[in-house]
Amino acid sequence: MRRNSSFYALIFAALALFALGAGGCGGGGGLASAVRLEDDYYAYVNADWLAETEIPPDEAWVSAFTEIETEIRATLIADLDAMASGTKSADNPGIKMAVEYYRLFRDFDKRDLDGFAPASADFSRIDALENLAGLSSLASAWIYDVMPLPFTVEVVKDMSDVTRYIVEIGMGSPFLSDVSYYDEGSEEGKRRKGLLEEMLVELFKAAGFDDASARLETRSAMSFDALLGAKQPDAETKENSAYYNNHVPIDGLAAKSRNIDFGLLVERLAGERPGVVNVVNEAFFDSFDDLYNEKNFAAMKSWLKAKFLYNYSGYLSGDFLSSRWRYYAALDGAEEKTDKSEIAYSYVTAEFGEAIGIYYGQKYFGPEAREKATGMIRDLVAVYRKRLEDNDWLGGATKAMAIRKLDALQINVGYPDELPPVYDFYSVTPHGDGGTVYGNISALGRAWRLHNFSLYGKTPDRALWITSGYVVNAFYQHTDNSINFPAGILNAPFYSQDQNDSTNLGAIGVLMGHEVSHAFDSNGSLFDENGSMKNWWTEEDAAEFGRRTDAMIALFDGIPYGGGNVNGRLTLGENIADAGGLYCALDVLKSKQDASLEEFFESYAILWRAKLRPEFETFLLTADPHAPMKLRLNVQLSNCDAFYETYDIAETDDMYMTPEKRAKIW
């Protein structure tokens, strides 16, 4: 349990890529003939898959993305099992720690025997609190020990100047992730609160509380959580990078509370009192004492207990673990996950993902594949540069800065060569030496904090990766100006040397262009070539960019889907990137001798195929910055001139969009 950063509060399923076999998909055969491509291209190409594929009972959704992820997971679980049993060697310190932790986690019988005992001493620290002053005096120690608090403190890159670190203070995490769920009129909020209450009662009872006491503590905890949850911003605000960059003098922050000395707290954690800190959710701290006060202390204490049990339930005995996973499943309308190997894998990769990613990348991807994939990205970046040079709406000064940013783009492919420095702080204590899963996760959390606060005053290393090599996804990182393609997403059928150019470009090529386009979307455009948040736009070009982004908002905003409506502002950045990636990959395709627009578009359609449970679909509409996958395909194709030319789309077809409504940005 490494961190609780508000900047990374939302991580959702997104950016899945699905490529085809070398011969293309042959859309129009089988069940596809029942749907006209001119009316619904998504349903036309994916008809057979949609009809035949079932969502696994214990999953919220299924797609080509999750199918490949399942294959990778099975491979790595088999390898971890072999290394844990000694039939396969663990060749480096990072993977050795991961295997030892996996071995501990898989001993569910020992964990059931231990029950709540490994965590009881830390839980008693909360129980022993007598008043707010006592909690405030312990805050620095609790942050190091990864104990729950209604606020967070950590060291992060300074978004205004990424050559340095800054101490960041933010709002703590309520149980429910969206402010709308705390609205008394929200039916989805009522459902989620009911499931939460049920889980918390179970956790308190597992910790030794009788039924009446468990329900009393739960009601008290949820009353405080309602106060906290109402202070979080909405999903649109969370998607705006500027929300996370607010320099405040430390003395000014300290003056906002009579009940805790933030200046002294930061000094104890960072080793000195900085002149300024970064504050996330300034409004929360403007009224901090309205929440953090003696009147609310009893309810806050119950909330701290509930948060502790929730945060650590996965690391205790089976009754704790089962309550947590039943809650997760019920939120998404799925069945409880019971595969112990998969559960263990999910927790081990959460703590040792970098080590497992390097192992996976070296064993199943390798340097030659990494070099070839990097070359493909560089070719695409060169085409993107030409598109910027030919751009007809940017002025000369802004265009020069955009090209400068593109030229400085850092490309990370496959896996890193070295473990991050935090691993120097890690160790795992095995059962034989008295180790428990809870004891180790607590120690790992403290080690992460020690490393994190040791960064203050140092220069950030831009080469550090933000993801792990086995991950089936890709990312753009604003504060590094980097695109990141782990080995996991560079697997067949996403990308393969055995597939033709049209198929590869319709899938991985579009995603490569998508990630590059994030450098120039509604958030990326706020950052310069080094990753610092600085304005490099002329006033005229910024105004034109705004007009064009308004057109992109209009393409998606209000489209009925999944029992709700798409939020065009929430999904703006991803929609800009989707469009930019599509157009750039099409430009690359023009240079290929075997180019087939039909195969390209068919591959692009399979990229976004997915089936979701209604509960999960409702959640994504509220919180996910990506449009629903079907719309990521159909709306973008309706916005793309080449699609009309390829399939002779007419005004009478459902896929048709009038030219004046089409949005063109990159």
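The values are calculated or read from the model by the stated rules, or taken from the named source; none is laboratory data. Only a predicted model underlies this, so the values are computations on that prediction, with no experimental measurement involved. Cβ atoms come from the backbone with ideal geometry, glycine included; neighbour counts cover every protein chain shown. Quick note on the areas: whole protein, heavy atoms, side chains included, nothing else; ligands and nucleic acids left out. Shrake-Rupley method; radii C 1.70, N 1.55, O 1.52, S 1.80 Å.
Odds and ends about this structure:
- Checklist (1) surrounded by fewer than 24 Cβ atoms within 10 Å (Cβ to Cβ); (2) more than 20 Å from Val381 (Cβ to Cβ); (3) of a type in the set (S, T, N, Q) applied to Asn523, failing item: (2)
- Among the residues examined, Glu529 does not qualify as without any contact (Cβ under 8 Å) to a residue 12 or more places away in the chain, out of contact with any strand residue (DSSP E or B) (no Cβ under 8 Å at 6 or more places or on another chain) and on the phi < 0 side of the Ramachandran plot.
- Pairs are defined by a Cβ separation below 9 Å, a sequence spacing of at least 6 or placement on different chains, a first member in the range 463-487 that is farther than 20 Å from Gly573 by Cα and assigned to a loop (DSSP other than H, G, I, E, B), and a second member that is open to solvent by 20 Å² or more (accessible area, probe 1.4 Å) and hydrophobic (A, V, I, L, M, F, W, C); the pairs so defined are Thr467/Phe475; Gly469/Phe365.
- Of all residues making up the range 52-85, the number that are within 21 Å of Trp608 (Cα to Cα), open to solvent by 50 Å² or more (accessible area, probe 1.4 Å) and polar (S, T, N, Q): 1
- A single entry from Thr549, Thr571 fulfils the requirement of being under 30 Å from Lys238 (Cβ atoms), touching a His at 6+ places or on another chain (Cβ under 9 Å) and crowded, with 21+ Cβ neighbours inside 10 Å: Thr571.
Yes/no matrix, rows are residues, columns are (1) over 19 Å from Leu511 (Cα atoms); (2) touching a Leu at 6+ places or on another chain (Cβ under 7 Å); (3) open to solvent by less than 40 Å² (accessible area, probe 1.4 Å):
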position: Leu586; (1), (2), (3): no, no, yes
position: Gln593; (1), (2), (3): yes, no, no
position: Glu598; (1), (2), (3): no, no, no
position: Ala610; (1), (2), (3): no, no, yes
position: Pro614; (1), (2), (3): yes, no, no
position: His626; (1), (2), (3): no, no, yes
position: Ser638; (1), (2), (3): no, no, yes
position: Thr652; (1), (2), (3): yes, no, no
position: Met655; (1), (2), (3): yes, yes, yes
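- The range 385-436, residues that are of a type in the set (A, V, I, L, M, F, W, C) and within 30 Å of Ser313 (Cα to Cα): Leu419, Val422, Phe425, Val428
- Residue ID - most open to solvent (accessible area, probe 1.4 Å), chosen from residues in the range 91-126 that are at pLDDT 95 or above and acidic (Asp, Glu): Asp109
- Inside the range 610-625, residues that are under 17 Å from His514 (Cβ atoms) and in contact with a Phe, Trp or Tyr (Cβ under 7 Å, 6 or more places away or on another chain) make up a count of 2.
- Selection count where residues are outside any loop (DSSP other than H, G, I, E, B) and among the acidic types (Asp, Glu), scope the range 488-502: 1
- Any hit, the range 407-417, residues being out of contact with any helix residue (DSSP H, G or I) (no Cβ under 7 Å at 6 or more places or on another chain), loosely packed, with under 15 Cβ neighbours inside 10 Å and farther than 30 Å from Lys363 by Cβ: yes
- Total residues in the range 156-181 satisfying the condition of being open to solvent by less than 10 Å² (accessible area, probe 1.4 Å) and hydrophobic (A, V, I, L, M, F, W, C): the figure is 4.
- Here Glu294, Glu351, Glu371, Glu336 are screened, and the one residue that is part of a helix (DSSP H, G or I) and either surrounded by fewer than 16 Cβ atoms within 10 Å (Cβ to Cβ) or modelled with pLDDT under 95 (or both) is Glu371.
- Candidates Leu394, Leu388: the one that is among the hydrophobic types (A, V, I, L, M, F, W, C) and not in a helix (DSSP H, G or I) is Leu394.
- Taking residues in the range 391-417 that are under 23 Å from Ile356 (Cβ atoms) and aromatic (Phe, Trp, Tyr), and partners anywhere that are open to solvent by 20 Å² or more (accessible area, probe 1.4 Å) and in a helix (DSSP H, G or I), the pairs with Cβ atoms closer than 8 Å and at least 6 places apart or on different chains are Tyr415/Gln362; Tyr415/Arg370.
- For Leu196, the test of being of a type in the set (A, V, I, L, M), under 30 Å from Thr479 (Cα atoms), in contact (Cβ under 8 Å) with a residue 12 or more places away in the chain and buried (at least 18 other Cβ atoms within 10 Å of the Cβ) is failed.
- Considering the range 535-546, the residues that are among the hydrophobic types (A, V, I, L, M, F, W, C) and open to solvent by 40 Å² or more (accessible area, probe 1.4 Å) include one that is nearest to the chain's Cα centre (by Cα), namely Ala542.
- Residue within the range 421-435 that is open to solvent by 10 Å² or more (accessible area, probe 1.4 Å), touching a Ser or Thr at 6+ places or on another chain (Cβ under 7 Å) and within 30 Å of Ala373 (Cβ to Cβ) present: no
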